[in-house]
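Chemist: Can you keep this structure in mind? I'll have questions shortly.
The values are calculated or read from the model by the stated rules, or taken from the named source; none is laboratory data. Fair warning: this is a prediction, and the values are worked out from it, not measured in the lab. Please note: Cβ atoms are built from the backbone with ideal geometry, for glycine as well, and neighbour counts cover all protein chains shown. What goes into the accessible areas is simple: the full protein's heavy atoms, side chains included, and nothing from ligands, DNA or RNA. Shrake-Rupley method; radii C 1.70, N 1.55, O 1.52, S 1.80 Å.
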Amino acid sequence: MYLCSPLTKSNIKIRIMQLSPLEIIRRESLQKLRELGINPYPAEEFKTTATIKEILKNFESFEGKEVVLAGRMMSRRIMGKASFAELKDASGRMQIYINRDEISSDAEGTMYNTVFKKLLDMGDIIGIKGEVFKTKVGEESVNVKELTVLSKSLRPLPVVKTDADGKVHDAFSDAELRYRQRYVDLIVNDHVKETFIKRTKITNSIRDFFNKRDYLEVETPILQPIPGGAAARPFKTHHNALDMPLYLRIANELYLKRLIVGGFDAVYEFSKDFRNEGMDRTHNPEFTVMELYVAYKDYHWMMNMTEELLEKVAMDSNGTTEVKIGENMVSFKAPYPRVPILEAIKIHTGFNVAGMDEIALKEVCKKVGVAVDETMGVGKLIDELFGSKCEHHYIQPTFITDYPKEMSPLTKEHRTNPALTERFELMVNGKELANAYSELNDPIEQRERFEEQLKLTEKGDDEAMFIDQDFLRALEYGMPPTSGIGIGIDRLVMFMTNNSSIQEVLFFPQMRPEKKAIEMSEDEKAIFNILKANSPILLNDLKMQSGFSNKKWDKTIKDLTKRNLAKINNTEEGLFVELGK
RNA sequence: GACCUGGUAGCUCAGUUGGUAGAGCACCUCCCUUUUAAGGAGGUGGUCCUGGGUUCGAGCCCCAGCCCGGUCACCA
């Protein structure tokens, strides 16, 4: 069965055998190209000699010279025997000039009059050979001598125009269409492409920083028998050969620590993690975290490293440490203030909650208007106070340090205060960007912490909590004192590219599936196939050929006509059935 | 999960108290050899998200649903 879905929200439901008029014209053009002996999808390599960016950057050295370019035709201005078009390659856009007498070898000017003007469309991928020149009005252009069809486009692209002032008209801006058809988004929205190029610059910058220090980039399992390292609902799957459940990782922390046990001094991984939870502007079911573990370091060292890293990332991706995020100017220039979480709460609520028990803390929460419930322990209450009363104040990068122990089961106890841990979160623009610890490496305490967590979650949590015995075994062999950090890469990219939605920094954000094609039943297919071969056909003949009973025939033909796949015409010659439009 | 916007031509969008569905661009035909949101003349194109209901009559009103977005809740 032939399926096609026009680029339109109202027709996201996939139509059967229905092409839009624009698509029909393009398919006819495709056929005519073939009839002219032009392969619309040639196999040969097309060797280019330059990119558009190079030409525009060094125009003087290219002017008057011959170049070969390939790209997508984004617009056309046809003026009789000559035309201008816009060619877009991976590096940029430039104008090309096409003259009938230059590109056509025959007297009829077939290449120009028929191929270029009639059979090519906006969106087609072409190759050109020609001479670089400047037009009368000073636009850098290529005077085309040879035109090659490299790939015919069968669907019309959205038409986006930019005027002389740089103002964009009729922008392709519908978020749903942009995310579902990111390829179209990337073709017509240059700034979208820039975002993703910047994303790669950011990850390259981080890799460069770590590799220069001889930190080892590693890969650890995505399929894990025990989803550890964080508390979140995992995606569950099943391994057939082993007949056992497996989980997509929610974090890679416990595996990286095993590698530190194994004797690597510093390992890092860009980890695609998966969490089976809600989706919103800042959460996608799969997302990227960069985790780094360095032996013989503590969280103070990690803060210094983080400052240095982010300053470099800002420079490498934006060329400056001052980055505009929403309405705020944020400076990634080191150093960043360090504020203990209890200090932050004191500053923003006026209450010193240090040493308070659960009852006293709940009292404070009530006074400052933070909702509480029975399941909340000391750690959760402090976290809640910080989250709702303090977090949003930290626009400039700030390390919030020394979180309560209860909230941090993988973190080493604070060297001077046993109620706290050696942990920091880096806040930027009022949101968490990174989370780091002096890692807990006491295997006995680690086991106890896991068991405490188990008790906490038993209170009324639907998230299954497992104790990873193998991880504990590894710790029992001895892990050096280590500091680790996780940086939310999607969030970092959002900051550096000034996007407020995670979907803008993921090529293919998760979406609900488009509506399924309406499948034809076997009976409908049978009728439809007869009809396809003979349309129009006398209704009685069609019925005879189908061999269906009266009832079956009636139902099937009614379903087909209802969906416009078939049409019944009452004429003087009799009742005819023909293919629907 | 709750609430709020929205869904109309290929794209971006109008659409009055409920009375024959509109514009710009794109597309098609014609003119045009340095234009640039090219221009001029003419034309084609619609499951008004889906399904019910009210009505003589629904793009518009009512009910249910679908999908995007936003806000909140949830989320180490």
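Chemist: For A:Ile444 and A:Glu277, what does the FRET efficiency come to when R0 = 51 Å and r is the distance between their Cβ atoms, rounded to the nearest 0.05? Walk me through the numbers before you get to the answer.
Modeler: Numbers: r = 32 Å, r/R0 = 0.63.
My answer for the efficiency is 0.95.
Chemist: Sticking with this structure for a sec: How would you rank A:396-404, A:193-201, highest first, on the average number of other Cβ atoms within 10 Å across their residues?
Modeler: On the way: A:396-404: 22.2, A:193-201: 15.3.
For the peptides A:396-404, A:193-201, the packing ranking is A:396-404, A:193-201.
Chemist: Using only protein heavy atoms and a 1.4 Å probe, report how much of A:Lys88 is accessible, in Å² to the nearest 10.
Modeler: A:Lys88 has an accessible surface of roughly 20 Å² with all protein chains in place.
Chemist: Using every Cα-Cα pair within the stretch A:31-81, state what percent have a distance larger than 18 Å. Walk me through the intermediate numbers first.
Modeler: Numbers: 740 of 1275 pairs.
Here the tail beyond 18 Å accounts for 58 percent of pairs.
Chemist: Now, a different point. Per DSSP H run of at least 4 residues, take -39500 (n - 2.57); add these up for chain A, divide by its residues and hand me the 222 nm value, nearest 500 deg cm²/dmol.
Modeler: -10000 deg cm²/dmol
Chemist: Return the sequence-ordered ³J(HN,Hα) values of the stretch A:295-308 in whole Hz as given by the Karplus equation 6.51 cos²θ - 1.76 cosθ + 1.60 applied to θ = phi - 60°, using x for Gly and Pro.
Modeler: 6, 6, 10, 10, 6, 5, 4, 5, 5, 4, 5, 5, 4, 4
Chemist: On average over all directions, what projected area in square nanometres does the stretch A:365-416 have, based on the convex hull of its Cα atoms?
Modeler: That works out to 4.8 nm².
Chemist: If you line up the long axis of helix A:550-562 against the longest principal axis of chain A, both from Cα atoms, how many degrees apart are they, to the nearest 10?
Modeler: The helix A:550-562 is inclined about 80 degrees to chain A.
Chemist: Report the net charge of residues surrounding A:Ala314, where surrounding means a beta-carbon distance below 12 angstrom and charges are Lys +1, Arg +1, Asp -1, Glu -1.
Modeler: Value of the local net charge: 0.
Chemist: What are the semi-axes of the equivalent ellipsoid for the stretch A:152-200, taken as the square roots of 5 times the Cα gyration tensor eigenvalues, largest first, in whole Å?
Modeler: Values for the stretch A:152-200, descending: 17, 17, 11 Å.
Chemist: Probe radius 1.4 Å, ligands and nucleic acids ignored: give me the carbon and sulfur share of the accessible area of chain A as a rounded percent. All intermediate terms of the calculation are to be shown ahead of the outcome.
Modeler: Details: 15190 of 29650 Å².
Carbon and sulfur together cover 51 percent of it.
Chemist: Let me ask something else. If the cut-off is a Cα-Cα distance under 19 Å, which aspartates and glutamates reach A:Lys57, setting aside same-chain residues fewer than 8 apart in sequence?
Modeler: In chain and number order, the partners are A:Glu66, A:Glu86, A:Asp89, A:Glu131, A:Glu139, A:Glu140, A:Asp190, A:Glu194.
Chemist: Could you check the simple spin-label distance between A:Leu36 and A:Ser501, using points 7 Å along Cα→Cβ, in nm with one decimal?
Modeler: Distance between the two pseudo-spin positions: 4.1 nm.
Chemist: Could I ask something else about it? Where in the stretch A:117-143 is the amide nitrogen less than 14 Å from a point lying 7 Å along the Cα-to-Cβ axis of A:Thr162?
Modeler: Only A:140 pass the distance filter.
Chemist: Same structure again: Rounded to the nearest whole Å³, what is the per residue volume of the convex hull around the Cα atoms of the stretch A:39-122?
Modeler: 115 Å³
Chemist: Once the mean 1/r over all distinct Cα pairs of the stretch A:368-516 is inverted, what Kirkwood radius in angstroms do you read off?
Modeler: Details: mean 1/r = 0.0562 Å⁻¹.
One decimal place: 17.8 Å for the Kirkwood radius.
Chemist: List, in order, the whole-Hz ³J(HN,Hα) value for each residue of the stretch A:274-291 obtained from phi through the Karplus relation with A = 6.51, B = -1.76, C = 1.60 and θ = phi - 60°; use x for Gly and Pro.
Modeler: Those phi angles translate into 9, 9, 8, 9, x, 10, 7, 4, 10, 10, 10, x, 10, 8, 10, 10, 9, 10 Hz.
Chemist: Right, something else. Mind pulling up the Rg/Rh value for the stretch A:189-290? Radius of gyration and Kirkwood radius, both on Cα.
Modeler: We get a ratio of 1.04 for the stretch A:189-290.
Chemist: Which value does Rg/Rh take for chain A over its C-alpha atoms, Rh per Kirkwood?
Modeler: Numbers: Rg = 31.9 Å, Rh = 29.3 Å.
Answer for chain A: 1.09.
Chemist: May I pose another question? Over 19 Å between Cα atoms, which of A:Lys236/A:Lys272; A:Lys201/A:Lys312; A:Lys212/A:Lys324; A:Lys53/A:Lys193; A:Lys198/A:Lys257 qualify?
Modeler: Too far apart for the 19 Å limit: A:Lys212/A:Lys324; A:Lys198/A:Lys257.
Chemist: Consider just the alpha-carbon atoms of the stretch A:307-363 and return their Rg together with their Dmax, both in angstrom.
Modeler: 17.4, 50
Chemist: If you don't mind, there's one more thing I want to ask. Using the Cα atoms as the points, what is the convex hull volume per residue of the stretch A:298-417 in Å³?
Modeler: 128 Å³
Chemist: Of the beta bridges DSSP finds with both residues in chain A, what % are antiparallel, to the nearest 5?
Modeler: 90 percent
Chemist: Quick check for the stretch A:383-517: number of Lys pairs with alpha-carbon distance under 28 Å, counting only pairs 8 or more apart or on different chains?
Modeler: 10
Chemist: Under 20 Å Cα-Cα from A:Lys346, which aspartates and glutamates qualify once same-chain neighbours fewer than 8 residues away are excluded?
Modeler: A:Asp357, A:Glu358, A:Glu363, A:Asp383, A:Glu384, A:Glu391, A:Asp402, A:Glu406, A:Glu422, A:Glu425, A:Glu432
Chemist: Rounded to the nearest 0.05, what FRET efficiency do A:Arg512 and A:Leu56 give with R0 = 51 Å and r taken as the Cβ-Cβ distance? Could you check?
Modeler: Efficiency, rounded to the nearest 0.05: 0.80.
Chemist: FRET efficiency for A:Glu66 and A:Ala107, Cβ-Cβ distance as r, R0 = 41 Å, nearest 0.05?
Modeler: Values: r = 25 Å, r/R0 = 0.62.
Given R0 = 41 Å and the Cβ-Cβ separation, E is 0.95.
Chemist: Whole angstrom only: what separates the Cα centroid of the stretch A:362-384 from the Cα centroid of the stretch A:40-94?
Modeler: Distance between centres, Cα-based: 63 Å.
Chemist: Hey, another quick one. Suppose the chain between A:Asp541 and A:Thr135 were pulled fully straight at 0.36 nm per residue; how much longer would it get relative to their current alpha carbon spacing?
Modeler: Between A:Asp541 and A:Thr135, full extension yields an extra 139.6 nm.
Chemist: On average, how much accessible surface per residue is there in chain A, in Å², for a 1.4 Å probe, leaving out ligands, DNA and RNA?
Modeler: Ligands and nucleic acids excluded, the figure is 51 Å² per residue.
Chemist: Mind listing the phi-derived Karplus ³J(HN,Hα) values for the stretch A:186-191, rounded to whole Hz, using 6.51, -1.76 and 1.60 with θ = phi - 60°, and x for any glycine or proline?
Modeler: Each residue of the stretch A:186-191 in turn: 5, 5, 9, 10, 4, 5 Hz.
Chemist: Want the number for A:Asn328 to A:Leu216: 0.36 nm per residue separation, take away the alpha-carbon distance, what's left?
Modeler: 36.8 nm
Chemist: Determine the gain in length on full extension of the stretch A:Gln469-A:Lys366; use 0.36 nm per residue of separation and subtract their C-alpha separation, reporting nm with one decimal.
Modeler: The span from A:Gln469 to A:Lys366 would gain 33.1 nm if fully extended.
Chemist: Here's something else I'd like to know. Hey, can you rank A:370-376, A:335-341 by average C-beta count inside 10 Å, highest first?
Modeler: A:335-341, A:370-376
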